[in-house]
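Inspection log for the structure reproduced underneath, given as structure tokens.
Derivation of every value follows stated rules applied to the coordinates shown; laboratory data play no part. As the structure is a computational prediction, the values presented were derived from the model and not from experiment. Glycine also receives a Cβ, built like all others from the backbone with ideal geometry; neighbour counts cover every protein chain displayed.
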Amino acid sequence: MSRIKKVEALEILDSRGNPTVATQVELEDGSLGIGYTPSGASAGEFEALEIHDGDTKRYDGKGVLRAVENVNSILAKEVVGLEADDLRVVDRKMIELDGTANKSKLGENAILSVSLAVAKAAAKSERLPLYHYLAKIAGTLDESGQFTLPIPMMNILNGGKHAVGSTDFQEFMIVPMKFESFKESVRAGVEVFHALHKILEERSYQPLVGDEGGFAPSLFSNEQAIELLTMAIKESGHRVGEDIFIALDPAASVFYYEDIYQLHRENRTFTSLELIDFYEVWTQKYPIISIEDPLAENDWDGFREITSRLRDKVSIIGDDLYATNKDRLKKGIDQKSSTGILIKPNQIGTLSETLETIMMAREAKMQYIISHRSGETEDSFIADLAVATGSGKVKTGAPCRGERTTKYNRLLWIEHELGSKAKMGTWQ
Ligand code: PGA
Ligand code: ZN
């Protein structure tokens, strides 16, 4: 194996045109890896912290030169010389150097970019495809040599913080589930996406897209979004609730103020229990397979209630609730707060910790969905991570905008490369 020789970070741009951190790691054998840090808009309270410069003369205060400097002058010194294949040692070193619970001293954006770059360089050094290398370090390699491709959860209608003026709920996703390959699942999803485009144009909505590439029409209710999705699935020639389902991410923390949920599009307020009733009615009317963050990140009682009521019918997924954090997931497992967890490496800040959280979910037989952020880069790391960990599900936006399609395209290549060793994930 090879040691880390050089670590160098740069301030680059994400898909919203905001600065973020990229780090290149070079090993002694010449292998290179670049790690990119994405960024959330509806970031949860319990996430590791991205640090921004706050210098309003540059990028309206959003510059990341301090985080870049933390990589170049603090982290680089300590990780150069370490074995790249020992990711846990590298990550532990960075966590110790930071010394805070949420990586607020050196910045999650600095630390994660190094962690991902080291893993990529190590995969190159071992001459393994990234997904294979990640499966090896995660301990998820299947003895049969098979790898599982994920069901794509495509966010084709954007609202909330990703498309102000659209719906209160953040994401309306389609889930092509009953297809034999990833390629066919993507094709079906894309056909629905284009059918929705046509429907919106016919109704004189401007076909504008939000942060995750989904359409962002100004609708009069949240329910109208589900109706449009149902219509688009039918129009595309696919079967609603048989081969294509609907998933929601209301991202409820964003519309929770002073102990009350406020839906502006419905002109209504809800208590936690009333909102659960509201979701229950929807699950009876529409082919909803999954609801992520139906309630706010601190509403543990609400999560337990909705999970006990709806779990036989719908997956309940915690995103902001867990923030990819093992301790919060442990609480969720103990309290039966959800059936699954959303996994976003930058919520916790190192790849090793991300893998630990995934392993905890696996052991508890919980679903885990590998996810992008609304502010992404052209990097496709999460595509490899989904295959490596056999998540069976991936959430990476609409099949539109390069930072989203790069993940879908990477998965198409992986499936092609694997040939008969690729199997399609199922919704479990
Ligand atoms: P974010 O949204 O990246 O803006 O947090 C994604 C999500 O909530 O799933
Ligand atoms: Zn979410």
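Structural remarks
- Sum of -39500 (n - 2.57) over DSSP H runs of 4+, divided by residues of the chain (222 nm, nearest 500): -11500 deg cm²/dmol
- Spin-label zone in region 1-30 - amide nitrogen under 11 Å from a point set 7 Å from the Cα of Leu82 along the C-beta vector: 4
- Put simply, the convex hull of the Cα atoms in region 62-166 casts, on average, a shadow of 9.9 nm².
- Here's the picture: charge each Lys and Arg Cβ at +1 and each Asp and Glu Cβ at -1 in the chain, and of Met173, Pro345, Leu134 the one pushed furthest to the positive end of that dipole is Leu134.
- Relative contact order computed over the chain (Cα-Cα under 8 Å; 6+ residues apart), in percent: 20 percent
- Overall shape: prolate for region 1-87, with the ratio a/c of the largest to smallest alpha carbon gyration tensor axis at 1.5 or above and a/b above b/c.
- Placed amide H near Ser290: partners under 5 Å, 5+ positions off or other chain: Leu248, Ser315
- Derived scalar couplings ³J(HN,Hα) [region 68-74; Karplus, 6.51 cos²θ - 1.76 cosθ + 1.60; whole Hz; x for Gly, Pro]: 4, 5, 4, 5, 5, 10, 9
- The GNM of the chain, with springs linking C-alpha atoms under 10 angstrom apart, assigns the highest mean-square fluctuation among Thr307, Thr271, Thr389 to Thr271.
- As a calculated quantity, the FRET efficiency between Arg127 and Ala364 at R0 = 45 Å, using C-beta atoms, amounts to about 0.85.
- Compactness of region 277-428 as Cα Rg over 2.2 N^0.38 Å, two decimals: 1.06
- In sequence order, calculated HN-Hα J values of region 361-373 (Karplus, 6.51, -1.76, 1.60; Hz; x Gly/Pro): 5, 4, 5, 7, 6, 9, 6, 9, 10, 7, 9, 7, 10
- Most simply put, the chain has about 60% antiparallel DSSP beta bridges, counting only bridges with both residues inside it.
- The charge dipole of region 313-358, taken about its Cα centre with unit charges on the Cβ of Lys, Arg, Asp and Glu (plus for the first two, minus for the last two), comes to roughly 180 debye.
- Enclosed volume per residue, in Å³, of the convex hull spanned by Cα atoms of region 322-402: 92 Å³
- When the alpha carbon gyration tensor of region 61-111 is reduced to an equivalent ellipsoid, its three semi-axes come out at 20, 13, 8 angstrom, largest first.
- A DSSP coil position with no more than 15 other Cβ atoms inside 10 Å describes the following GluC sites (Glu not before Pro) in region 345-385: Glu378.
- Value in Å of the Kirkwood radius, where the chain supplies the Cα pairs that are averaged: 21.7 Å
- Given charges at beta-carbon only (K, R positive; D, E negative), |dipole| of region 1-150 in Debye: 220 debye
- Counting only residues at least eight positions apart within a chain, or on another chain, the lysines with an alpha carbon under 22 Å from that of Lys124 are Lys5, Lys6, Lys136, Lys407, Lys421.
- Taking the Cα atoms of region 204-275, the ratio Rg/Rh between the radius of gyration and the Kirkwood radius comes to 1.02.
- Here the chain is treated with +1 on each Lys and Arg Cβ and -1 on each Asp and Glu Cβ, and its dipole about the Cα centre works out to around 720 debye.
- Normalised alpha carbon radius of gyration of region 137-200 [divisor 2.2 N^0.38 Å]: 1.50
- Pair-distance distribution of region 1-46: all C-alpha pairs, bin width 5 Å, starting at 0; shares per bin in whole percent are 5, 20, 20, 16, 14, 11, 8, 5, 0.
- Computed over the Cα atoms of region 154-270, the ratio of the radius of gyration to the Kirkwood radius (Rg/Rh) comes to 1.00.
- If R0 equals 22 Å, the separation of the Cβ atoms of Asp334 and Asp259 corresponds to a calculated FRET efficiency of about 0.35.
- In order along region 109-118, the Karplus-derived 3J(HN,Hα) couplings, from 6.51 cos²θ - 1.76 cosθ + 1.60 at θ = phi - 60°, round to 5, 6, 5, 4, 4, 5, 4, 5, 5, 4 Hz, and Gly and Pro are given as x.
- Order of Ser371, Ser144 under a 10 Å beta carbon neighbour criterion, fewest first: Ser144, Ser371
- With each label modelled as a point 7 angstrom along the Cα→C-beta vector, the Glu202-Val89 pair spans 6.2 nm.
- The simple spin-label model puts a point 7 Å past each Cα toward its Cβ; for Leu32 and Asn409 those points are separated by 1.9 nm.
- Radius, Kirkwood style, for region 286-365 when every pair of distinct Cα atoms is counted (Å): 12.5 Å
- Modelled spin-label separation between Arg187 and Asn102, with each label point placed 7 Å from Cα along the Cα-to-Cβ direction: 4.7 nm.
- Extension gain for Glu69-Leu13 works out to 18.5 nm (0.36 nm per residue, less the C-alpha to C-alpha distance).
- FRET efficiency, 1/(1 + (r/R0)^6) with R0 60 Å, evaluated for Val281 and Lys421 via beta carbons: 0.85
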